[in-house]
Amino acid sequence: MKNLVVLCLGICLSSVSFAADMANGKALSAQCSTCHGKNGLSKDPEAPNLAGLSSLYIEKALVDYKKGMRQDRRMSLIAQGLSKPQIKDLAAWYSAFELTVKVPEI
Ligand code: HEC
């Protein structure tokens, strides 16, 4: 019985560590908002909008900056300071934003 509890605890904890923590992503995003906007819509003309991008895309972009496969003087530096779990949390946060889009009429 004791072993079962220990086993369950192990499985439960490991699954928790794989799940993205959106609240942590929100907290971490404070450092991103100067350029990418608090609502994920960029204020800086050189920085893209992050709101509503897929978590896979955000995660890949950040990992690429971190590993040097994608380079930008600002993002490369920022991504260096992020751990893999932090990248997942940030990706979960920004991908959860919902957008409404108005297509121009021409
Ligand atoms: C100093 C301004 C600045 C800050 C702060 C900043 N970024 Fe960026 N970010 C940029 C710029 C500029 C680009 C476009 C770089 C390029 O051309 O590759 C970018 C690109 C990105 C991209 C790629 C988006 C795409 O469409 O390909 C992601 C994802 C991203 N940033 C996430 C973040 C996250 C998460 C944070 C906070 C941890 C952050 N950024 C903080 C300026 C910033």
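The values are calculated or read from the model by the stated rules, or taken from the named source; none is laboratory data. Keep in mind that what you see is a predicted model, and the values were worked out from it rather than measured. Note: ideal-geometry Cβ built from the backbone for every residue, glycine included; neighbour counts use all protein chains shown.
Computed values, structure above
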{"read-out": "Subset tally (residues that are free of Cβ contacts under 8 Å to residues at least 40 places away in the same chain and loosely packed, with under 10 Cβ neighbours inside 10 Å) for the range 72-106", "value": "10"}
{"read-out": "Residue match in the range 7-20 (condition: away from the ligand (no atom under 11 Å from the Cβ), surrounded by 10 or more Cβ atoms within 10 Å (Cβ to Cβ), modelled with pLDDT of 95 or more and over 17 Å from ALA91 (Cβ atoms))", "value": "no"}
{"read-out": "Helices (runs of 4 or more DSSP H) lying entirely in the range 45-98 (those with 1 or more residues that are closer than 19 Å to MET22 by Cβ, under 10 Å from the mean Cα position of the chain (by Cα) and more than 10 Å from the ligand (Cβ to nearest atom))", "value": "55-67, 84-95"}
{"read-out": "SER42 being in a loop (DSSP other than H, G, I, E, B) and small (Gly, Ala, Ser)", "value": "yes"}
{"read-out": "Any chance ALA30 is in a helix (DSSP H, G or I), more than 8 Å from the ligand (Cβ to nearest atom), loosely packed, with under 13 Cβ neighbours inside 10 Å and at pLDDT 95 or above", "value": "yes"}
